[in-house]
Amino acid sequence: MQRKALGATGLQLSPLGFGASPLGNEFGPVTDAESIRAVHEAIERGINFFDVSPYYGRTVAEERLGRALEGKRDKIILATKCGRYDAAQFDFSAERVRSSIDESLRRLRTDYVDLYQAHDIEFGDERQIEEETIPALREIQKSGKARFIGITSYQLGMMARIAQAVGVDTVLSYCRFNLLVRDMNDLLTPIVEKENIGLINASPLHMGLLSEAAIPAWHPAPPSVRDAAARVRELCRERNLNPAQVGLRYCLDHPYVATTLVGMASLEQVRTNLGALDLRLDENLLKDLDRTVEPAKNVIWPSGRPENADYKD
């Protein structure tokens, strides 16, 4: 599998990344054995970037990933996060950032991560993120517990402002560049590309809406977006195409994104996602898909503090 540069970090990532949130049962129950098989299959097939968080499964995903990576840690690039710990539990203080890395390292059974990220920063205070959270991340980087540091958010403008103000190594955006939403290229990509900041795109399937899997009860997408996703799935089936592979392939073609993170927790999911690497999307299909999603294109949902929103009422 080819590799793509992650900004100026020097890290070379597989274009397809392993999103480990499903290991925390976020999209349905997963067994330990199943999750370990999925991780091992991904590594054997060339996936080298794994992203997790203590929030996923409320530490379950980190625990499972750590067990699966025993004896294989040197084969992969590992990322985790801090700042979000439950649906409504956030702490971006320097003290919590410092304690969180040690907790994550114990669960992941390693003495360092390659990338340590502040998670869902739109739920925090922008000034605190700049003046307290990022400096604490840099301290951890200097200590050797993390090689690089980054931020993640649903809100693109906030990440762009922080990246320009204080500098980070990477940014991770989710649900803002895929078949349904494309505004990442308007609000974030030009800025991070100019600064040579690594860009990670997550949730290419809009957190499952573009797959055939059951939609979790917590999914925040409004009805118009769900309806558009259903039309995309139907169109793909009519063309004898797997909608998950089509949605993933579209994201894999982004010229600057270093890796596209998609959730996986089973052998079947790993193999299906890998199949997208060999898929090519013709122009007629892309035009039909654009027409299909147009009524709900770039529709987003509220996330985080109102003052951090990209589009304010």
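List of remarks:
- Test: residue in the stretch 280-300 that is in a helix (DSSP H, G or I), open to solvent by 10 Å² or more (accessible area, probe 1.4 Å), touching a helix residue (DSSP H, G or I) at 6+ places or on another chain (Cβ under 8 Å) and hydroxyl-bearing (Ser, Thr, Tyr): yes
- Identity of the residue in the stretch 10-49, touching a helix residue (DSSP H, G or I) at 6+ places or on another chain (Cβ under 7 Å) and of a type in the set (Asp, Glu), that ends up farthest from residue 74 (Cα to Cα): 32
- Of the residues screened, residue 53 is not one that is in a helix (DSSP H, G or I) and either surrounded by fewer than 16 Cβ atoms within 10 Å (Cβ to Cβ) or hydroxyl-bearing (Ser, Thr, Tyr) (or both).
- If you go through the stretch 268-313 and keep only what is among the aromatic types (Phe, Trp, Tyr) and modelled with pLDDT of 95 or more, you end up with just 301.
- When the stretch 90-112 is limited to residues that are on the phi < 0 side of the Ramachandran plot and among the basic types (Lys, Arg), the one that is least open to solvent (accessible area, probe 1.4 Å) turns out to be 107.
- Against the conditions (1) hydroxyl-bearing (Ser, Thr, Tyr); (2) closer than 29 Å to residue 111 by Cβ; (3) touching a helix residue (DSSP H, G or I) at 6+ places or on another chain (Cβ under 7 Å), residue 154 satisfies every one except (2).
- Residues that are in contact with a strand residue (DSSP E or B) (Cβ under 7 Å, 6 or more places away or on another chain), under 29 Å from residue 218 (Cβ atoms) and in a strand (DSSP E or B) are absent from the stretch 93-109.
The values are calculated or read from the model by the stated rules, or taken from the named source; none is laboratory data. Only a predicted model underlies this, so the values are computations on that prediction, with no experimental measurement involved. Neighbour counts are summed over all protein chains in view; Cβ atoms, including those assigned to glycine, are modelled from backbone coordinates with ideal geometry. Accessible surface is based on the protein model in full, side chains and every heavy atom, while ligands, DNA and RNA are left aside. Shrake-Rupley method; radii C 1.70, N 1.55, O 1.52, S 1.80 Å.
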